[in-house]
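Colleague: Have a look at this one before I ask anything.
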Amino acid sequence: MTEETKTPEITLEQLSGAYAMRAKFYMFMFDVLVENFGNDKAVELMSAATYRLGEEMGEKLQAHGPANIEGLTEQFLQGIPCRDHLFGPELRKCDHEGMEIKFHKCPLKDNWVAAGRKGEALELLCKAAGAIDAGMFTKAGFTFEGETWKIGDTGCCRLIVKPGSEAEAV
């Protein structure tokens with residue numbers, strides 16, 4: 001492999017910068033939607049967009065659906081870049097009944113807080129952006145019951161994934 005064809009190494013700083021830009025885009029888009037349509041419609045529209053992005057991401061996890069929770073969990077966690085530094089996931093459960101992961105950090109939320117977002121505004125941003133997880137795990141064939149950050153919570157979101165409805169019929 002020549003130097004020109006070698007895949008470049010991405011640093012934590014570069015990855016953090018990419019997440020910061022994504023966070024700003026979400027935040028500014030959400031602001032524009034709120035200004036034009038109000039909070040409820042803004043959450044609805046932003047959630048629809050992030051859900052679609054999640055569906056696209058979920059295609060790579062479909063081989064595990066609707067019931068291979070262990071395989072899903074392993075592939076999902078391995079696919080998170082710099083996961084311990086940026087997300088701090090805590091695997092609380094992983095068995096045939098389901099998976100639960102608590103994220104203690106989130107680069108999106110961290111950037112929103114640094115930009116001065118707090119309280120309900122922060123909660124609504126998390127809710128709108130968090131639809132990405134529902135789209136991803138649903139597209140992969142599972143049932144998603146996760147929760148995004150709410151006022152008074154510590155850390156960030158909690159992913160709860162259970163076998164999909166097709167698994168119940170088998």
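Colleague: Consider Ala167 carefully, then state whether it is open to solvent by less than 50 Å² (accessible area, probe 1.4 Å) and either at pLDDT 95 or above or part of a strand (DSSP E or B) (or both).
Modeller: No: the conditions fail for Ala167.
Colleague: A further question follows. Any idea how many residues of the range 95-109 are under 14 Å from the mean Cα position of the chain (by Cα) and not in a strand (DSSP E or B)?
Modeller: Counting residues in the range 95-109 that are under 14 Å from the mean Cα position of the chain (by Cα) and not in a strand (DSSP E or B) gives 6.
Colleague: Please verify whether Thr154 is of a type in the set (Ser, Thr, Tyr) and outside any loop (DSSP other than H, G, I, E, B), treating the condition exactly as stated.
Modeller: Here the answer is no, as Thr154 does not meet what is asked.
Colleague: Additional query: Taking the range 68-88 on its own, how many of its residues are buried (at least 19 other Cβ atoms within 10 Å of the Cβ) and either over 25 Å from Asp31 (Cα atoms) or hydroxyl-bearing (Ser, Thr, Tyr) (or both)?
Modeller: Total meeting the criteria: 5.
Colleague: If you go through the range 73-90 one residue at a time, do you hit one that is farther than 24 Å from Thr11 by Cβ, within 13 Å of the chain's Cα centre (by Cα) and among the basic types (Lys, Arg)?
Modeller: No, every residue in the range 73-90 fails to be farther than 24 Å from Thr11 by Cβ, within 13 Å of the chain's Cα centre (by Cα) and among the basic types (Lys, Arg).
Colleague: To continue, here is another question. Could you check, for the range 119-126, whether at least one of its residues is closer than 18 Å to Ala23 by Cα and open to solvent by 70 Å² or more (accessible area, probe 1.4 Å)?
Modeller: The answer is yes, given that some residue of the range 119-126 is closer than 18 Å to Ala23 by Cα and open to solvent by 70 Å² or more (accessible area, probe 1.4 Å).
Colleague: Shifting gears a bit: Those residues that are farther than 15 Å from Ala128 by Cα, free of Cβ contacts under 8 Å to residues at least 12 places away in the same chain and open to solvent by less than 70 Å² (accessible area, probe 1.4 Å), I need them from the range 12-57; list them, please.
Modeller: Listed by number, the residues that qualify are Gly17, Ala18.
The values are calculated or read from the model by the stated rules, or taken from the named source; none is laboratory data. All figures in this text were calculated on a predicted structure; none of them were measured in a lab. Glycine also receives a Cβ, built like all others from the backbone with ideal geometry; neighbour counts cover every protein chain displayed. Surface accessibility is based on the protein's heavy atoms, side chains included, excluding ligands, DNA and RNA. Shrake-Rupley method; radii C 1.70, N 1.55, O 1.52, S 1.80 Å.
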